[in-house]
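The values are calculated or read from the model by the stated rules, or taken from the named source; none is laboratory data. The shown structure was predicted, so the numbers you read here are calculated from the model rather than taken from an experiment. Here the Cβ is made from the backbone with ideal geometry for all residues, glycine too, and neighbour counts use every protein chain on show.
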Amino acid sequence: MKLADWLELGRRLAAERFASLLDCHVYATRAVIQQCFRILYMSANRPLPYPGPTLRRVSSRALPVVDETSAGGLVVDVQNGQAMAAVIARRNRGSRLEWCLPKGHLEGSETPQEAAVREISEETGIEGRVLRHLASIDYWFTGDQHRVHKVVHHYLLEAIGGELTIENDPDHEAEDVAWVPLSEVSRRLAYPNERRIVAAARRILVGDG
């Protein structure tokens with residue numbers, strides 16, 4: 001075989017080897033791309049892992065508990081032969097004006113009876129003398145950071161002085177105050193528990209309690 005033929009044969013073999021290598025490279029590249037697409041497809045159809053801890057709704061039972069005690073009640077005066085009761089109007093949590101019995105938190109070492117006399121004086125302007133305990137209301141509500149267990153002691157009081165005014169209320173919660181015939185107080189009050197307390201007071205005052 002002539003030298004030229006050897007050179008031509010070498011050229012053809014080299015070209016065939018290069019083509020074979022190129023085919024292998026293309027095949028390998030295609031396989032890699034296909035594998036990448038398979039991974040992307042599987043990832044798209046699988047929920048992504050959450051990068052942090054799962055948030056859970058905190059139950060109100062898990063909040064710290066705060067105990068609160070308040071006192072107030074029904075202060076009664078006889079005017080022109082008719083029993084009258086002093087009630088106040090204040091805003092509820094929804095900013096709606098509601099009529100209710102005067103009451104508030106105990107301060108310092110006060111007893112519930114002492115707090116009832118003071119709160120009624122501050123919110124109505126009427127000085128009262130405690131006649132007897134009427135009822136205690138126990139309920140729960142949830143604040144921003146805690147649950148509140150509240151007990152409110154209600155007393156029946158006799159008016160012994162003062163004049164109706166809301167100017168003595170240091171918290172400025174009372175927006176109005178009025179003498180209401182005892183027979184009509186229940187219709188004026190917003191809360192069923194307080195209406196039941198007034199009904200109990202009426203039974204006591206007529207000698208049926």
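Just a few scattered comments:
- Of all residues assigned to the stretch 119-126, none qualifies as being surrounded by 18 or more Cβ atoms within 10 Å (Cβ to Cβ), part of a loop (DSSP other than H, G, I, E, B) and among the charged types (D, E, K, R).
- Selection of the stretch 82-107 for residues being in a loop (DSSP other than H, G, I, E, B) and either surrounded by 14 or more Cβ atoms within 10 Å (Cβ to Cβ) or modelled with pLDDT of 95 or more (or both) yields LEU101, PRO102, LEU106, GLU107.
- Test: residue in the stretch 172-184 that is surrounded by 12 or more Cβ atoms within 10 Å (Cβ to Cβ), farther than 23 Å from ARG196 by Cα and touching a helix residue (DSSP H, G or I) at 6+ places or on another chain (Cβ under 7 Å): no
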